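See below for the structure under consideration.
The values are calculated or read from the model by the stated rules, or taken from the named source; none is laboratory data. Given the structure is predicted, the values throughout are model-derived calculations rather than measurements. Neighbour counts are summed over all protein chains in view; Cβ atoms, including those assigned to glycine, are modelled from backbone coordinates with ideal geometry.
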């Protein structure tokens, strides 16, 4: 059952071969056995999970099941879920039991899916290795000496270790795609505005986007069908007709035009990653695709632009954590300012403080035009590069991450080195485009390599088709870590 | 680009983050490295390029000015650090 697709699990539940309560218990037992070595979950609440499973069984018995009814899913701990501890990986929210549901959680609850637990993550989604979590780092199931990537590292590890049927992530600069690549799973960041940000704890609001993570493109399509949709409570949510993201899965790829950005295949990519990505492109040619070299000349600027815009928005968003209405408050303080300063100094970790300070500086008097507005102008240049490229191709492919999973502690105290591990993913967020990562082989030390697929705006169904056809022809996505 | 100790202290104050001397120095070195990376932007010619904040260049939606949510003060205050008589308590600000 742990290797079954969401569709297969749904069929087994519908045929009453297994109940949702039994299935949920199987997963909870598996988590109890395997999670201590991985630290993929921050919070488990079997009572809440099993109560949902019981309700799902009743719904199935009444013949009112949807595609995900009764299926145990994990939720990144960035999504507020009523009655669940929701920490966002931070000490600041160590005691925050959410009084409300995020829109994405409401969608899953309405579908009758089970929340199996809340997954570990970099603090406030700021990190590429999961090492900034207040609740300790997540270990990569392929090698527990290595990082799972970040910030959705707990979700990626949980999916890779088969601790849930599928799960959610969020992606501000690569936080779905990079951990998906490093853990050998599939992940999709939709077009900005497709999934509501309501109740998703904000990091950089003009970039944050929720998306599904799972073992196959087919599973991602089913997940996205539930997650996507207009929500008036998110002012940037897009009003669009409902789509079936699985509708094109079985289309052949004859005539597909794949753009290969020359900048992504230049210096900086590990030779093992290059080899796996090139083999994947060769497979696509066998499936009927043609390739064309494209150029994204401004993509090299995406890291500096991102490290202005994301911290600027974060410094504003995180000003709400003041120790007054919820979350952590310093135990001892003098006046009100002292209470704010001590609460924030003690409640935030080093990386979060660093980004708040960068953001505070670039937004401060006299620097706004030189940094924030300048970065927003270059952001448009980056988006225009993609618009030009999509005149020549249907999808863009390249590596998701320059290397496979690195060792815990390896990037040490140098934030700039860590930031550069998102070099291929960030431009997609800046442009607001959809991007995904699928497993395409193994590199050094037998660690997974991810192939990044970038689509034009609202082209998720085509990207899922492109990924699914590859997954029918290859079996990288169904490989599981040893001992799992 | 290199930040001074004074710069870092000012940023920390604006960001409401208490920092001791050692933390200020560590932050100064790391932030200087990051601003070195960010400085690459300044060489780019952006004359005539409009700033971009949303990929679809949407205008903000407006809605009728009507109440859409109910009062949940008691529920919300159950998770507050300190409340009394329905009010959030903070150190005294007016003598």
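Before moving on, here are some points about what is shown:
- Of all residues making up segment A:374-391, the number that are in contact with a helix residue (DSSP H, G or I) (Cβ under 6 Å, 6 or more places away or on another chain) and more than 7 Å from chain B (Cβ to nearest Cβ): 2
- Some residue of segment A:407-419 being in contact (Cβ under 8 Å) with a residue 24 or more places away in the chain, in contact with a strand residue (DSSP E or B) (Cβ under 7 Å, 6 or more places away or on another chain) and more than 24 Å from residue B:47 (Cβ to Cβ): yes
- Counting only helices (runs of 4 or more DSSP H) that sit wholly inside segment A:292-373, those with at least 3 residues that are in contact with a helix residue (DSSP H, G or I) (Cβ under 7 Å, 6 or more places away or on another chain) and either within 7 Å of chain B (Cβ to nearest Cβ) or over 30 Å from residue B:94 (Cα atoms) (or both) are A:302-317, A:350-363.
- Total residues in segment A:444-470, condition in a helix (DSSP H, G or I), touching a helix residue (DSSP H, G or I) at 6+ places or on another chain (Cβ under 6 Å) and closer than 22 Å to residue A:191 by Cβ: 3
Results for (1) farther than 27 Å from residue A:92 by Cα; (2) surrounded by fewer than 24 Cβ atoms within 10 Å (Cβ to Cβ); (3) in contact (Cβ under 8 Å) with a residue 24 or more places away in the chain, shown as yes or no for each residue.
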{"site": "A:140", "(1), (2), (3)": "no, no, yes"}
{"site": "A:151", "(1), (2), (3)": "no, no, yes"}
{"site": "A:165", "(1), (2), (3)": "yes, no, yes"}
{"site": "A:200", "(1), (2), (3)": "no, no, yes"}
{"site": "A:205", "(1), (2), (3)": "no, yes, yes"}
{"site": "A:220", "(1), (2), (3)": "yes, no, yes"}
{"site": "A:229", "(1), (2), (3)": "yes, yes, yes"}
{"site": "A:237", "(1), (2), (3)": "yes, yes, yes"}
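- Qualifying residue in segment A:404-415 (condition: within 17 Å of residue A:355 (Cβ to Cβ), within 14 Å of chain B (Cβ to nearest Cβ) and crowded, with 24+ Cβ neighbours inside 10 Å): no
- When residue A:395 is tested against the conditions (1) crowded, with 19+ Cβ neighbours inside 10 Å; (2) touching a helix residue (DSSP H, G or I) at 6+ places or on another chain (Cβ under 9 Å); (3) modelled with pLDDT of 95 or more; (4) within 14 Å of another protein chain (Cβ to nearest Cβ), the lone failure is (4).
- Residue within segment A:270-285 that is assigned to a loop (DSSP other than H, G, I, E, B), touching a residue at least 24 places away in the same chain (Cβ under 8 Å) and within 26 Å of residue A:459 (Cβ to Cβ) present: no
- Considering segment B:20-54, and only residues there that are within 7 Å of another protein chain (Cβ to nearest Cβ) and assigned to a loop (DSSP other than H, G, I, E, B), the residue that is surrounded by the fewest Cβ atoms within 10 Å (Cβ to Cβ) turns out to be B:50.
- Hits in segment A:31-45 - residues which are under 16 Å from residue A:183 (Cα atoms) and surrounded by fewer than 16 Cβ atoms within 10 Å (Cβ to Cβ): A:37
- Residues that are under 18 Å from residue A:262 (Cα atoms) and not in a helix (DSSP H, G or I), drawn from segment A:402-425: A:402, A:403, A:423, A:424, A:425
- Pairing each residue of segment B:3-17 that is facing chain A (nearest Cβ under 8 Å) with any residue that is part of a loop (DSSP other than H, G, I, E, B) and buried (at least 20 other Cβ atoms within 10 Å of the Cβ), provided the two are 6+ apart or on different chains, yields C-beta distances under 6 Å for B:12/B:19.
- Condition check for residue A:288 on (1) over 30 Å from residue B:40 (Cα atoms); (2) away from chain B (no Cβ under 11 Å); (3) surrounded by 20 or more Cβ atoms within 10 Å (Cβ to Cβ): one failure, at (3).
- Segment A:416-443, residues that are at pLDDT 95 or above, touching a helix residue (DSSP H, G or I) at 6+ places or on another chain (Cβ under 8 Å) and away from every other protein chain (no Cβ under 13 Å): A:425, A:436, A:437, A:438, A:439, A:440, A:441, A:442, A:443
- Every residue from segment B:74-86 that is more than 7 Å from chain A (Cβ to nearest Cβ) and either surrounded by fewer than 11 Cβ atoms within 10 Å (Cβ to Cβ) or assigned to a loop (DSSP other than H, G, I, E, B) (or both): B:74, B:78, B:82, B:84, B:85, B:86
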